[in-house]
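Here is the structure we will look at.
The values are calculated or read from the model by the stated rules, or taken from the named source; none is laboratory data. What you see is a predicted model, and the numbers here were worked out from it, not measured in a lab. Here Cβ is always computed from backbone atoms with ideal geometry, including for glycine, and neighbour counts include all displayed protein chains. Calculation scope for accessible area: heavy atoms of the full protein, side chains included, ligands and nucleic acids excluded. Shrake-Rupley method; radii C 1.70, N 1.55, O 1.52, S 1.80 Å.
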Amino acid sequence: MRLLHNTNFDFIGKRKIAYVISAVMLFVGLGSMAIRGFHYGIDFKGGTEIVLRFQEPVEIAKIRAIASSVEISGVIKEFGNPKEVMITTDFSGDLNDLQGRLETGLKRELAQNPFEILKIDAVGPTIANDLKLSAVYALLGALVIILIYVSFRFEFKFAAAGVFAIFHDVLFVAGLFSLFGGVFSFMSLEVDLTVIAAFLTIVGYSITDTVVVYDRIRENLKIRKTEPYEKVFNDSLNETLSRTIITSGTVLLSVLVLFIFGGSIIRSFAFAMLIGIFVGTYSSIFIASAIVLDWQEKSGEKIKLRG
């Protein structure tokens, strides 16, 4: 199925504009990471997280007062809707003791508004540091493997441009998490293990989309040996445009449904996927192939593709 036929958009001709847009977005994101940092979940900072659901909407100020009366301190906020509350504390002792004190206080002060504990997670500081290091290793390991794989299938210019596009996509999404982490009540945008899973999925999606374009460029370069690289690259992007839109659009719709109806617990994951797929599609069209072309023009060497 082809959504678009015989398109002739000048993607390559607009690459400098795309470079500027990407540079501005990455600069803002990196600046936020340096100044604000991230809003980490307990996976990466340690502590205890409790999510409660009440039968009726509850005032956060009232919950804070109750928690304080039973000597529980930390961040207490609405979690998705007025009936759900998330308590994040650096408590790392006996969970039964913490849960008992909380339940006692809530039942005493809010007897007319029954509640249930949706989840209670606890991570120690040592494990949190280990998880943070493991997440970094996982991302770097994925990038190294992709660099080797694409170098083997095409050539190093393509691999390096593809990995740069992946960095672009992940840093773009990470920048949004840094900018808006903890800002919205309906999604926390905390960086935890589920968000790292989303980053790894974005890595896989981004390189898959890019390799499809690379494959078409390789096929066209074999057939149209005398034509300028710029025209071959641009035609290849147009020929794969329909496939790119259908694939990305289908995935985006699925993730959008997850974002809207999936609930607060996985909304940050869905948000990362939603933005990551959109940016990954943008970078496969405007960034990866354009970098290869600019690299080739600067070096003056002919492209020698494998396969």
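For the range 150-239, the residue among PHE199, PHE156, THR210 whose Cα projects farthest onto the positive side of the dipole built from Cβ charges is PHE156.
Relative to the longest principal axis of the Cα atoms of the chain, helix 288-299 runs at roughly 50 degrees. Between the helical axis of 241-261 and the longest alpha-carbon principal axis of the chain there is an angle of about 0 degrees.
Where the centre of each part is set by its Cα atoms, how far does the range 200-253 sit from the range 94-145, in angstrom? The range 200-253 and the range 94-145 have Cα centres separated by 42 Å.
Each listed q (0.11, 0.14 Å⁻¹) maps to a log10 I(q)/I(0) for the chain from the Debye sum over equal C-alpha point scatterers, namely -0.75, -1.03. Largest GNM mean-square fluctuation across ALA159, ALA34, ALA197, computed for the chain with C-alpha springs under 10 Å, falls on ALA34.
Cα convex hull, the range 49-183: 131 Å³ per residue, rounded to a whole number.
When peptides 174-185, 37-48, 200-211, 89-100 are ranked by their average number of other Cβ atoms within 10 Å per residue, the highest-first order is 200-211, 37-48, 174-185, 89-100. Projecting the Cα atoms of SER73, GLY47, ILE21 onto the charge dipole of the range 21-75, computed from C-beta unit charges around the Cα centre, puts ILE21 farthest toward the positive end.
Computed from point charges on the beta carbon alone (+1 for Lys and Arg, -1 for Asp and Glu), the dipole magnitude for the chain about its Cα centre is near 1160 Debye.
Backbone phi angles across the range 13-22, fed through the Karplus curve with coefficients 6.51, -1.76 and 1.60 (θ = phi - 60°), yield HN-Hα couplings of x, 9, 5, 5, 5, 4, 4, 5, 4, 5 Hz in residue order; Gly and Pro are listed as x. Apolar share of the accessible surface for the chain: 64 percent from carbon plus sulfur atoms, 1.4 Å probe. For the chain, the longest principal axis of the Cα atoms and the long axis of helix 95-109 meet at an angle of about 60 degrees.
In order along the range 176-183, phi translates into HN-Hα couplings of 5, 5, 5, 5, 10, x, x, 7 Hz, rounded to whole numbers, per the Karplus curve 6.51 cos²θ - 1.76 cosθ + 1.60 with θ = phi - 60° and x for Gly and Pro. Annotation note: trypsin sites (Lys or Arg not before Pro) in the range 209-307 located in DSSP loop regions with a Cβ neighbour count of at most 14 within 10 Å are ARG224, LYS225, LYS302, LYS304, ARG306.
Spin-label model, SER254/VAL24: points 7 Å from Cα along the beta carbon direction are separated by 3.4 nm.
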